[in-house]
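The next block holds one structure in the form of structure tokens; read it before the comments.
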Amino acid sequence: MKHTLLFCAAFLAGCSTVAPPQPAAPSGGAAPLVTTASGAQEFRLANGMPLIVQPDHRAPTAIQMLWVRTGSMDEVNGTTGVAHVVEHMMFKGSAKLAPGEFSRRVAQLGGQENAFTTRDYTGYYQQIPASRLKDVMALEADRFAHNQWPDAEFRKEIEVIKEERRMRTDDQPRAALMEQLNAATFMASPYHHPVIGWMNDLDNLQPDDVRQFYRTWYTPANAALVIAGDVDPQQVRAWAEEIYGRLPVQVLPARKPQLEPGQKGMRRISLKAPAEQAYVALAFHIPAMHRLQDLGATDRDALSLLVLSAVLSGYDGARLDRALTQGPDRVADSAGAWASVFGRGPATFMLSGVPAQGKSAADVESALRAEVARVAKDGVSSAELARVKAQWAASTIYARDSLRGQASDLGSNWIQGLPLDADDRLLALLQHVAPADVQSVAERYFGDDQLTVGTLVPQPVAAGAKPRAAAPGGTQGGAQGAIR
């Protein structure tokens, strides 16, 4: 999700109190509501749907991304996984197109397309020659507003999704451990559930469960259109008004807060599974980053924790790498840290590692915690912090070379209620993080009462057994996200 940095996990979320932007009064005017230094412009269509356009004229190509502010955190018990199922069924037909026809049309236009579901949102994209942008806009708007399919298509696709779960979670010991770790870390928050859903719920999901979820959340009042590439913003706005601006809007149901209660003691879980090596992951509750201006105390702490994750494993040769995986006395084959402070739900700081030969998961757990304790005791140097800031800036700038990266940043910023120029604001805020700030959060947020530990306990691997290949069509972000 946020951010495309070397030291941030791709689909981990963590901002529980961001208020999503409310639709403005209908406006057909051509003037953008917001224009950033990079040239991104935000408009509001006649039905209130946001349109975000990022011109980039380096190549005659464009990408359309449709972001829907709904994911697994909007599901209820008994129908977990339904947000991801809706994503799959969006490719199964509309009032105008037969099942599978959407993808065939995009391919005929010379484009590539896919979709993804996370805890916080669902996204759809097509990258095409810029001259065919209006065509894919019409295709996407049609299925967004008029998705429909026969029950038989659902019956076939749910089996595909169940096999996806087997291949990416059930038969992948570390992914299965992370799923159980999340379930133990989050008790009240809907982050408790895996994005792909519990198998029992998938077994019992009905076609009308999927249709109801789609009807509830797929409305212009709950979505944003992002276009990046070799385009003219005013022309895109005119097309979007013609194609998307006429779609009917329905009232969204009230989202009730599902806040995670304070943890009152360390939790531990273990998973026995056939595996070559053990694995350990530590999840600490931390504050989320609510906004990027007029920061409160918890916002400043969240930013400092993000920097701490980079100090620990944000670049080759960072602290965890040096202390745990190098030298004759190394305890781990690999080790990492990441802070997920942006999103719609609660935030966590993760530490993980794979024991080296002759070492145990307990050895790695102790070593991981010792490195955080070392920062709490001795702090970090200004030179080390400068290196982290340089890595962050380079990674952010590099991500802008990709149209999809630009559109993804703009869309995820909208999902989280952040300004379009959140990247630049983060870079500016980063300059004010001092060594004392990093040391302070290391002292305060890594106690036992904030911690849930998950350990993979290897079991013998059957003779001749081979790991199952990843499911086709993309990769799943551990227990955090799924992609078609």
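Computed from the coordinates by the stated procedures, all read-outs in this text should not be read as laboratory data. Keep in mind that what you see is a predicted model, and the values were worked out from it rather than measured. Counting neighbours? That spans all protein chains shown, and the Cβs are built from the backbone with ideal geometry, glycine included.
Here I158, I52 are placed in order of increasing Cβ neighbour count within 10 Å, fewest first, which gives I158, I52. Whole-Hz Karplus values for segment 140-153 come out as 5, 4, 5, 6, 4, 8, 9, 4, 7, 6, x, 4, 4, 5 Hz, taken residue by residue from phi with 6.51 cos²θ - 1.76 cosθ + 1.60 and θ = phi - 60°; glycine and proline positions read x. Highest-first packing order for the peptide set 282-288, 260-266 is 282-288, 260-266, based on the mean count of other beta carbon atoms within 10 Å. When the alpha-carbon atoms of the chain are used, the pair Rg, Dmax equals 22.6, 68 angstrom.
For the residues T36, T122, what sequence is obtained by ranking on other C-beta atoms within 10 Å, fewest first?
T36, T122
Prolate is the label for segment 34-243. Its Cα gyration tensor axes, ordered a ≥ b ≥ c, give a/c of at least 1.5 and a/b above b/c. Taking 0.36 nm per residue of sequence separation and removing the Cα-Cα distance, the H57/N200 pair yields an extension gain of 46.6 nm.
For segment 419-426, the Karplus equation 6.51 cos²θ - 1.76 cosθ + 1.60, evaluated at θ = phi - 60°, returns couplings of x, 4, 8, 4, 4, 5, 5, 4 Hz by residue, with Gly and Pro reported as x.
Arrange the peptides 273-281, 430-438, 308-316 so that the one whose residues have, on average, the most other Cβ atoms within 10 Å appears first. Spell out each step's value before the answer.
Numbers: 273-281: 18.8, 430-438: 15.8, 308-316: 23.3.
Highest-to-lowest ranking by the protection proxy: 308-316, 273-281, 430-438.
Each residue of segment 387-398 was assigned a 3J(HN,Hα) from its phi angle through the Karplus expression (A = 6.51, B = -1.76, C = 1.60, θ = phi - 60°), giving 5, 4, 5, 5, 4, 4, 4, 5, 5, 5, 5, 4 Hz with x at Gly and Pro.
Distance between the 7 Å Cα→Cβ label points at R400 and L427: 0.5 nm.
In a fully extended conformation the segment linking T35 and D171 would gain 44.3 nm over its present Cα-Cα distance, using 0.36 nm per residue. The lysines within cross-link reach of K134, meaning a Cα-to-Cα straight distance under 25 Å and a gap of 8 or more places when in the same chain, are K92, K96. Backbone amide hydrogens, once placed in the peptide plane, bring T348 within less than 5 Å of I286, S340, excluding anything fewer than 5 places away on its chain. Note on segment 267-463: antiparallel DSSP beta bridges, both residues inside, total approximately 70 percent of the bridges counted. Residues in segment 58-97 near a label at D151, defined as backbone nitrogen under 15 Å from the 7 Å Cα→Cβ point? No residues fall inside that zone. When each of the peptides 386-393, 54-61 is scored by how many other beta carbons lie within 10 Å of its residues on average, the order from highest to lowest is 386-393, 54-61.
In this calculation the C-beta distance from D208 to D316 is compared with R0 = 56 Å, giving a FRET efficiency of 0.65. So, R0 is 35 Å and r is the distance between the beta-carbons of T216 and S270; what FRET efficiency does that work out to, to 0.05? Calculated transfer efficiency: 0.40.
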